[in-house]
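So the structure is just underneath, and the comments pick up after that.
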Amino acid sequence: MYLTKIEGKQISISDSLEINAEIENIIKPYRSHVNKGLDSVISYAVDTYSKSDGDFNTAIGNLFADAIFEQANFVFNKRTGKNIDVVLVNHGGIRAIISQGNITTRTAYEIMPFENSLVVAEMTGKTITDSLLYYLSKAKRAHPISGLKLKLDKDFNVDEATINGKPIDANKVYHVATNDYLYNGGDKMTFFQTNDSLHVLNYKVRSALLDYFIKKDTINPEIDDRFIQIK
């Protein structure tokens, strides 16, 4: 005897499926507990913010990068006595909008559903100029940045770049915060691998966002001039 045929069919999961009462009774208290936590209000958004609102920087992207900068730098400084210079994360990492009104814990999970953790790479100014800035200028996307100010010309070449308001020093070592996915080459950001040292913060991006929202009674991020193109 041997297998001659295998058949399968697709069963759509919808409210037409009969609920198993025994399983539902087990899950219900856990669901209620989780939803209560997720629906707790932790801040307020003045407007609705989307990652499609700008060409090179968006209000939600600026919020995302600035929140990481503020929260991660506290951890990094406590451990090393040093400060983060730049934050770079990816446009695609923002997975939802922030709607006008109450911000809940669920909001943070919708924006960042992944388990990515924050890391800080030590990178020379030369590597930042040759690789990181080159990537940003050619990507033509609103990748969230903080600490770095970048101006492109009409041909997408870097016209001006500063870190903490100063020209980038090719020989200086800068501390660049990102997440572990990007550090390992995600979104084609392979330049992080050229760093001299890596600091693992054991701090999830989502946790940083949650902590930031809890600290801020109201958020009102704006599109600014941190990443622009001269027309």
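We did not get these values from a lab; they are worked out from the coordinates using the rules stated. No experiment lies behind these values; they were computed from the predicted model shown. Neighbour counts are summed over all protein chains in view; Cβ atoms, including those assigned to glycine, are modelled from backbone coordinates with ideal geometry.
Against the condition surrounded by fewer than 17 Cβ atoms within 10 Å (Cβ to Cβ), under 18 Å from T218 (Cα atoms) and either touching a residue at least 60 places away in the same chain (Cβ under 8 Å) or in contact with a helix residue (DSSP H, G or I) (Cβ under 8 Å, 6 or more places away or on another chain) (or both), how does S43 come out, does it pass? When the stated conditions are applied, S43 does not pass them.
Only one of D153, D130 is touching an Asp or Glu at 6+ places or on another chain (Cβ under 7 Å), exposed (fewer than 15 other Cβ atoms within 10 Å of the Cβ) and farther than 26 Å from N77 by Cα. Can you tell me which? Every option except D153 fails the conditions.
For region 22-33, does any single residue satisfy the condition of being basic (K, R) and touching a residue at least 60 places away in the same chain (Cβ under 8 Å)? No, region 22-33 has no match at all. Regarding region 64-74, can at least one residue be identified that is crowded, with 21+ Cβ neighbours inside 10 Å, hydrophobic (A, V, I, L, M, F, W, C) and out of contact with any helix residue (DSSP H, G or I) (no Cβ under 8 Å at 6 or more places or on another chain)? Yes; the residues of region 64-74 include at least one that is crowded, with 21+ Cβ neighbours inside 10 Å, hydrophobic (A, V, I, L, M, F, W, C) and out of contact with any helix residue (DSSP H, G or I) (no Cβ under 8 Å at 6 or more places or on another chain). When restricted to residues that are surrounded by fewer than 20 Cβ atoms within 10 Å (Cβ to Cβ) and closer than 23 Å to N77 by Cβ, region 133-150 contains 1.
Quick one: which residue in Y203, Y212 is farther than 16 Å from N57 by Cβ, among the aromatic types (F, W, Y) and part of a helix (DSSP H, G or I)? Checking each option against the conditions leaves just Y212. Of S99, S52, S32, all but one fail to be polar (S, T, N, Q) and touching a Ser or Thr at 6+ places or on another chain (Cβ under 7 Å); the exception is S99.
When K149, K138 are checked against the criterion of being closer than 19 Å to D66 by Cα and not in a loop (DSSP other than H, G, I, E, B), K149 stands alone in meeting it. Between A108, A121, the distinction of being in a strand (DSSP E or B), among the small types (G, A, S), in contact (Cβ under 8 Å) with a residue 12 or more places away in the chain and buried (at least 22 other Cβ atoms within 10 Å of the Cβ) belongs to A121 only.
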